[in-house]
């Protein structure tokens, strides 16, 4: 059996069962039982994050597909937690931020390229393997420091990493710059689901 590569030495990820109190929010890893709530919250946050970039129908499409994605997410959450339990590097680590029982924030870090990167033969950044794959908040949680806390959990110790950011997301670009990321000039199309919007790569090194 081939084991997945472990995280970089001293990466410092929290334990899968860790629970964090961040101001009024509780932050923990996503569990299989969270799958449906995750998909609905994720769709809502994504759908309303790009009002100046995507047409209104795109937001509705994201909301309409949410429930159908839940079975796949349930399997992914279970597989990733099981990998960590075996001492292997999971493909994804997913954190949820909750206010009472409501998901108000989602963050995902990834140890492998996304499938579309491999298909398009995207050149890796030397020494950078971790990816910040997802970071979204409900509007009520913005400006609270929650995004910074989720970033620190997803990429502890200023871990070298890269991410993809959609063109026109100036707020997100400034946030990532504040965390040490810079654009490298690499750009791709988001594809037809995202109306071929431009997608840019940002990264940070040690």
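None of the figures in this text is laboratory data; all of them are computed from the coordinates on show. As the structure is a prediction and not an experimental result, all values here were calculated from the model. Positions of Cβ are generated from backbone atoms using ideal geometry, with glycine treated the same way; all protein chains shown enter the neighbour counts.
For the stretch 101-172, the mean projected area of the C-alpha convex hull, equal to one quarter of the hull surface, is 6.2 nm². Taking the empirical scaling 2.2 N^0.38 Å for compact globular proteins as reference, the stretch 73-118 has a Cα radius of gyration ratio of 1.32. Of the peptides 121-130, 88-97, 38-47, the order by per-residue mean of other Cβ atoms within 10 Å, starting with the highest, comes out as 88-97, 38-47, 121-130. Normalised Debye scattering of the stretch 26-171 at q = 0.11, 0.15 Å⁻¹ gives log10 I(q)/I(0) of -0.44, -0.85, counting only Cα atoms as equal scatterers and leaving out solvent.
For the pair residue 177 and residue 102, label points projected 7 Å from Cα toward Cβ lie 3.3 nm apart.
Per residue, the average separation of C-alpha pairs within less than 8 Å and at least 6 apart gives the stretch 19-156 a relative contact order of 24 percent. Dividing the summed -39500 (n - 2.57) terms of all DSSP H runs of n ≥ 4 by the residue count of the chain sets its mean residue ellipticity at 222 nm at -10000 deg cm²/dmol. Over the stretch 81-198, what relative contact order in percent results from Cα pairs under 8 Å that are six or more residues apart? This gives 19 percent for the stretch 81-198.
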